[in-house]
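Remarks on the structure that follows.
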Amino acid sequence: MATSTSRTFQLPATEELRLEVRQGHTILIKLLDGTAEIFGTELYLGTPIELHGQKTAVYTWHGCKLELLASGSDLNEALESVYPAGETPMQEYVNVHSLLEQRRATAKEAGPVYSARSEGPRTLLVGPTDVGKSSLCKILCNYAVRMQWSPTMIDLDIGQGAITAPGSIGATPIEAPLDIEEGPPLEVPLIYYYGHVTPSVNPDLYRHLVECLAALLKRRHSMNLDAANSGLVINTMGWVTDLGLDLLYHTIKALQVDVILVLGDDKLYNTLHQHCRQSRNVTVFRLPKSGGVVVRDPTLRKTSRTNRVREYFYGPRNRLRPHSQTVSLRELSIYRIGGGPQAPSSALPIGMKAFSEPLRFLYVTDVDPVRQTVTYLAPCLGPVPGKYLLLGSLKVMMQ
Amino acid sequence: MTDLSQYKGFIEQYMVELKELTFNSKPIINNLTMLAEEHRNIAPSIAAAIEHHLSSCPPASKLPVLYLLDSIAKNVREPFVSAFARNLPEVFSQIWTALPQAHPQLLKLLNTWTGLFPGGTLAALRRSVGQPEAALRPSSAPAPGYQARPCKMIIQADSTLTVAKLVESSTALRAKHLDQWYLKQRRLKDAGAANQSQHWFVDENTWLRGTTTDAKAAPDFYEEDQEDEAEASEPVDDSQPNCGLSGEKFDIFWDDESEQWRYRDAKRLLGPEAVKYGVADGTLVKRSRQ
């Protein structure tokens, strides 16, 4: 195939351009004319955006002209695939947005003093893995921001960790459109560490963390009316049967969810629908999954998990500099969360309170049993603010 | 037998959801249309449920429910068209009488039904609204609620208004968002690769306070420590190298700010404080750190 450094695409209204950039490659995308958005984040005319080894889609409501540029020598080499598609669920998604807008407006009408009626929509996205939950989550947050709200993005997907490293759940206020290159804003995330990539290891801890988060959000909403009116967008993990379903029920109750969006799973829709019949104020909707969703096999999921850990320390564009440090084991107290699969559940509630505080991640690179030292990678310079370390079961190999 | 009770349960559930349709909500209409499509084998029962609800619901809900009927008829078509056709003139004329302010919308809707419902039904409909056939222009105007799109699971709701609002608002905010983005880009660039690092996560209270996206929201542990150090110290006094109470030797350090050597964690006891501890006025003692 001949090499090329740029390609232009003319997209008609309500179509999208699906792109797959190869791992380790970078391309630039530039809007030449019209309007276009990537998962709800607008592209600015003439401003190129970098895309790194990722799958993405550029959507246009009114038609646009796009240019793809190679950052290296050859565009064709960097692109796994690129094709326009007309069949997208964007109409349905914007209808959901419309419903959420109505709820936010109603919440705002409740007045300038916080009350229960000031609570905006608390939206839960559920569905199996690889149906586009995270993409919809971004779209709904971005659309809200573009209507001058500031919703809170909640990530309960401990397997992938959209907000920060895997193994944790987190919340972050969204006050500007999400940065396509950098991901969710990491300035003010609130993170609770769970320590494993699947909730079955310690479901009680998972429940406890969700409850902690719920209590904190309640406090925040009573202090910040705008945040209360804007509501929550909650992303969940793809495990939707057995214990996974129980945990979903728990989340619905704990976070007082009132809008549930089920993506691409009819059975789950019916189950949740039945479950929520009793409570009058929960509405369940079913949405189609996007045809652009790529199914990730376990290897790819693992790679993407490792990448998330890497991004936590180095940043998505390798701009961050973590620091390696060595300390004596005597200066640290290391605890293991839940103690593994056989941990007696009765042991949990005692120490749990102390550990529920938000915390920081270290990547332990070496343990020297002779010198009694631990070498770790810390996200920033300076001593670790505390001497208690929690050990998770997450193991990744970063090169 | 089981099938029958299952259907009964479904219809009851459908009736519950119909009650939620109190305003022109596209998602609810979509959802109810999908449910109807999946249960097309019991179309007469669903149609009866909708008709019953139309006649009994409060006036404000009638129009949205009629849009649901329209949506089902246009998107699912048979067997719903036949099921609705039977009682439609009667239902429609009831609404016509109950909602005089909605006559323009109702007429618009009626105009989109040409070719959808059988001729007899249409004629009866037109009679019920007191309009001779000639008065109704063969309108090409789209239905107020929904455009028909054959055989798709979910209806293409009329989202133009929502999209228009979104575009309008984003255009107004674009300059602000673009500024934020540029500032961030510049900050990243200015800081250079070497100085950038991830901040520690904040604790709950800081998170609650810091809802603006301010990178400095994360506490700086270094500064805190140094402040403490300068506060809890006294200038070196060669006549008192040890603590007046415990006899411990003071740690000496250089303080940049006051440009002098100082005793770390030291405190000079004066007046009543000296009396309290039973030492001479002006004695230096070592403080315990909190």
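The values are calculated or read from the model by the stated rules, or taken from the named source; none is laboratory data. Keep in mind the model is a prediction, meaning the values are calculated, not measured. Backbone-built Cβ (ideal geometry, glycine too); neighbour counts: all protein chains shown. Heavy atoms of the whole protein, side chains included, go into the accessibility calculation; ligands, DNA and RNA do not. Shrake-Rupley method; radii C 1.70, N 1.55, O 1.52, S 1.80 Å.
Which residue, of A:VAL126, A:VAL96, A:VAL82, A:VAL131, is touching a residue at least 60 places away in the same chain (Cβ under 8 Å), open to solvent by 20 Å² or more (accessible area, probe 1.4 Å) and of a type in the set (Val, Ile, Thr)? Full working, then the answer.
Details: A:VAL126 fails: open to solvent by 20 Å² or more (accessible area, probe 1.4 Å); A:VAL96 fails: open to solvent by 20 Å² or more (accessible area, probe 1.4 Å); A:VAL131 fails: open to solvent by 20 Å² or more (accessible area, probe 1.4 Å).
On inspection, the qualifying residue turns out to be A:VAL82.
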Filter pass, A:VAL131 being more than 11 Å from chain B (Cβ to nearest Cβ), within 19 Å of the chain's Cα centre (by Cα) and of a type in the set (Val, Ile, Thr): yes
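Out of curiosity, is A:ALA70 open to solvent by less than 10 Å² (accessible area, probe 1.4 Å) and touching a strand residue (DSSP E or B) at 6+ places or on another chain (Cβ under 8 Å)? Don't jump to the end; show me each part of the working.
Numbers: open to solvent by less than 10 Å² (accessible area, probe 1.4 Å): no; touching a strand residue (DSSP E or B) at 6+ places or on another chain (Cβ under 8 Å): yes.
No.
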Tally of residues being buried (at least 22 other Cβ atoms within 10 Å of the Cβ), in a loop (DSSP other than H, G, I, E, B), more than 10 Å from the chain's Cα centre (by Cα) and modelled with pLDDT of 85 or more across the stretch A:150-174: 2
Those residues of the stretch B:230-271 which are of a type in the set (S, T, N, Q) and touching a helix residue (DSSP H, G or I) at 6+ places or on another chain (Cβ under 9 Å), in sequence order: B:SER258
Scope the stretch B:149-174; condition assigned to a helix (DSSP H, G or I), at pLDDT below 85 and either at positive phi or more than 9 Å from chain A (Cβ to nearest Cβ) (or both); matching residues: B:THR160
Condition check for A:GLY111: open to solvent by less than 30 Å² (accessible area, probe 1.4 Å) and either in a loop (DSSP other than H, G, I, E, B) or modelled with pLDDT under 90 (or both): yes
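Strands (runs of 3 or more DSSP E) wholly in the stretch A:1-87 with at least 2 residues that are more than 22 Å from A:LYS138 (Cβ to Cβ) and more than 14 Å from every other protein chain (Cβ to nearest Cβ) - which ones? Explain how you work it out, then say what you get.
On the way: elements: A:6-11, A:15-21, A:26-34, A:49-52, A:55-60, A:64-70, A:79-85.
Output list reads A:6-11, A:26-34, A:64-70.
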